Structure formats: structure tokens, C-alpha cells
Amino acid sequence: MQRIVAPSMLSADFGHLDRDTRMVDCSAAEWIHIDVMDGIFVPNISFGFPVLKAIRKASAKSLDVHLMIVEPERYVERFVEAGADIVTFHYEAAHDIAGCIGLIRKAGARVGISIKPATPVNVLRDILPLVDMVLIMSVEPGFGGQGFIPEALQKIADLRAIVRKQGLETLIEVDGGISVRNAGEIYAAGADILVAGSSVFGAADPQREILHLLHA
Ligand code: DX5
Ligand code: ZN
């Protein structure tokens with residue numbers, strides 16, 4: 001299993017977005033995680049296309065766009081146009097899951113599906129063969145800087161078992177409350193990709209923190 005760290009730009013300094021993006025671009029992180037919030041699916045609003053485009057200009061890394069928006073079907077193509085390499089939408093937010101997956105693929109990006117802490121992994125059984133990645137939320141989506149919900153560990157392990165049983169190569173990403181203190185056990189539970197916002201951007205040396213997360 002590979003290990004990838006995806007720093008979340010939600011915790012970057014937007015007054016210095018270019019600087020912070022280039023810092024991640026020169027780090028050991030392979031992906032950059034981008035949290036889009038609409039104020040309806042989650043009780044917070046973050047940013048949209050112009051910010052994604054600015055990040056795209058400043059980095060050659062894979063842009064991992066996490067849509068926390070209702071009716072993602074309406075916007076996924078525009079996120080791919082704006083520079084997303086992988087577009088993840090929420091299971092709880094889409095009306096037509098297969099349709100949304102098709103739109104992302106047709107636009108030329110990889111597809112992820114995400115579940116909130118209260119949604120069991122079982123609901124994804126039939127969807128797994130259609131997606132490249134599952135994003136397990138280990139906090140309630142909407143805000144950075146929250147504590148990791150420990151029950152997420154069992155969900156990661158259960159999903160890893162289902163993926164293995166189905167003979168798939170689905171990537172498992174985990175998002176929320178991740179730091180060097182818990183990264184090791186999250187990888188051990190079966191995660192491939194760890195998203196980290198406040199722990200990376202709050203560190204005295206973010207690039208070192210990324211290395212520590214990678215080797216936790
Ligand atoms: C929360 C976002 C996360 C967030 C993680 O809704 O999906 O990506 O930025 O932030 P930390 O790592 O601070 O929990
Ligand atoms: Zn996220």
C-alpha cells in the first residue's frame with residue numbers, strides 16, 4: 001500500500017495563497033486537498049473556482065477537490081475545467097450517484113465518493129467498482145481544526161476488507177483531525193491518503209510536518 005499526504009488548503013493563509021501553495025508544491029506531499037463548501041451541505045462557506053484556478057497555476061501536484069456541496073452534479077465539470085485531477089463528492093449530497101460519477105469521468109478526472117461520520121461504509125458496496133477513491137470523514141465536514149473521531153478507524157478497516165474482498169484497487173482517503181499523533185494508526189487501519197490541514201499549516205515547519213506524517 002502506498003502512502004500519500006494531502007495538505008488541506010483550507011488551513012492555508014489566503015493572504016499568501018501563492019506562497020503557501022508553492023511551499024506544498026516543493027514538499028513531500030503528492031496531493032493538494034481543496035475543500036469546497038457551499039453553506040448548505042455544511043454550515044460554512046469556503047471558496048470556489050477562482051481560488052482553485054490560482055492553486056492550479058502555482059502547483060503541478062495532483063489537485064484533490066473535496067466538494068461539500070448539494071447537487072454536485074451541477075458543478076463537477078467546472079471543477080475539472082478549473083484544474084481538479086480528482087473530484088470527490090458526498091454520497092449524502094448527490095441525487096444521481098452514477099450520473100455524477102459519469103460526468104466527472106467524461107470531463108477527464110478521477111472520481112472519489114465521501115461519507116460523513118454517521119454514514120456506514122456498507123452503503124458503498126455497489127458503488128465501489130465505479131469509483132477510484134473513497135474519502136472517509138473523521139470529523140463532521142465543515143471546519144478544520146476539529147478532533148479525530150475514533151470510530152473512523154473501524155470504518156477504514158471495514159472498507160479496506162470490502163475493497164480487498166471485491167478485488168478492487170480503490171484508494172482510501174481519510175480527512176479530519178489528523179496529525180503525527182494518530183497518522184500511524186490511520187495508515188495501519190488501511191488508509192492510503194491522509195488529509196491534514198491545521199497540523200500542517202499550524203506547524204513551525206510545515207514541510208517537515210508533511211515528512212513526519214508520511215513516515216508516522
Ligand atoms: C473539513 C475538511 C477538511 C479540513 C481538515 O470539512 O474536509 O479537509 O480541512 O482540517 P484538519 O486537518 O484541521 O482537521
Ligand atoms: Zn476535506
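The values are calculated or read from the model by the stated rules, or taken from the named source; none is laboratory data. Treat the numbers as computed from the prediction; the structure is a model and nothing was measured. No Cβ is skipped: glycine too gets one built from the backbone with ideal geometry, and neighbour counts run over all protein chains shown. Side chains included, ligands, DNA and RNA excluded: accessible areas come from the protein's heavy atoms. Shrake-Rupley method; radii C 1.70, N 1.55, O 1.52, S 1.80 Å.
Send over a whole-number figure in Å² for the accessible area per residue of the chain, probe 1.4 Å. Walk me through the numbers before you get to the answer.
Values: 9310 Å² over 216 residues.
Here the residues of the chain average 43 Å² of exposed surface.
Under 20 °C and 1.002 mPa s, how fast does the chain diffuse according to Stokes-Einstein, given a Kirkwood radius computed over C-alpha pairs? Answer in µm²/s, whole number. Let's see the in-between values first.
Working: Rh = 16.9 Å.
The Stokes-Einstein estimate is 127 µm²/s.
Below 20 Å, Cα to Cα, which lysines can Lys155 reach? Residues fewer than 8 away in the same chain don't count.
Lys116, Lys165
Roughly to the nearest percent, how much of the accessible area of the stretch 1-63 is carbon and sulfur, given a 1.4 Å probe?
On the way: 1580 of 2860 Å².
C and S atoms contribute 55 percent here.
Measuring from the lowest to the highest alpha carbon on each principal axis, how far does the stretch 1-77 reach, largest first, in angstroms?
Result, largest extent first: 36, 34, 22 Å.
Indicate, rounded to the nearest 5 percent, the antiparallel portion of the DSSP beta bridges found entirely in the chain.
Values: 1 of 33 bridges.
Restricted to the chain, the bridges split so that about 5 percent are antiparallel.
When the helices in the chain are scored as -39500 (n - 2.57) per DSSP H run of 4 or longer and the sum is shared across all residues, what 222 nm value do you end up with, to the nearest 500 deg cm²/dmol? Please report the intermediate quantities before stating the final value.
Numbers: 8 runs with 70 residues, N = 216.
Rounded to the nearest 500, it is -9000 deg cm²/dmol.
Cross-link candidates for Lys57: which aspartates and glutamates have Cα within less than 18 Å, leaving aside residues fewer than 8 places away along the same chain?
Answer for Lys57, where 18 Å is the Cα cut-off: Asp13, Asp18, Asp20, Asp25, Glu30, Asp35, Glu81, Asp85, listed by chain and number.
At a threshold of 8 angstrom on Cα-Cα distance, excluding pairs fewer than six apart, so keeping six or more, what relative contact order does the chain reach in percent?
Working: 439 pairs, mean separation 45.0, N = 216.
Relative contact order comes out at 21 percent.
Can you give me the % of accessible surface on the stretch 75-211 that is carbon or sulfur? Probe 1.4 Å, all protein chains present, nothing else counted. Kindly include the intermediate steps, with their values, before the conclusion.
Values: 2880 of 5820 Å².
Here it works out to 49 percent.
Can you give the net charge of the other residues whose Cβ lies under 11 Å from the Cβ of Val195, counting K and R as +1 and D and E as -1? Can you show the working numbers first?
Numbers: positive: none; negative: Asp35, Asp64, Glu173, Asp175.
The answer is -4.
Peptides 189-202, 155-168: what's the order by average Cβ count within 10 Å, highest mean first?
Details: 189-202: 23.0, 155-168: 16.1.
Result, highest mean Cβ count within 10 Å first: 189-202, 155-168.
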